[in-house]
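The values are calculated or read from the model by the stated rules, or taken from the named source; none is laboratory data. All figures in this text were calculated on a predicted structure; none of them were measured in a lab. Positions of Cβ are generated from backbone atoms using ideal geometry, with glycine treated the same way; all protein chains shown enter the neighbour counts.
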Amino acid sequence: NWQGLSKGSWSAISQAPYLKALDFYPKGDCWNGVGLFLDNGRYWLNGHGDDRQARSESGLFRND
């Protein structure tokens, strides 16, 4: 649903073994996705510089 909270595509941070989105970033397109963990407390998302975080519950720091 391109009109809903997820805007049709999204990125999320979860903690294994669960799949709940602790940090949730609506994307709205399929360009420049992907991200990676920098260490145990930080992560980086490609193509999300202007996107707003819809949920933040992980306690991790997003490195821009």
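Observations on the structure shown:
- Within the range 47-64, the set of residues being over 21 Å from LEU5 (Cβ atoms) and in a loop (DSSP other than H, G, I, E, B) comprises GLY59, ASN63, ASP64.
- Residue identified as crowded, with 17+ Cβ neighbours inside 10 Å and either without any contact (Cβ under 8 Å) to a residue 12 or more places away in the chain or small (Gly, Ala, Ser) (or both) among SER11, SER56: SER11
- Within the range 25-39, if we keep just the residues that are hydrophobic (A, V, I, L, M, F, W, C) and closer than 12 Å to LEU60 by Cα, the residue that is modelled with the highest pLDDT turns out to be LEU38.
- Residue count, the range 3-24 (criterion: charged (D, E, K, R), part of a loop (DSSP other than H, G, I, E, B) and modelled with pLDDT of 80 or more): 1
- Of the residues ASP39, ASP64, ASP23, ASP29, the single one that is in contact with a strand residue (DSSP E or B) (Cβ under 7 Å, 6 or more places away or on another chain) and at negative phi is ASP23.
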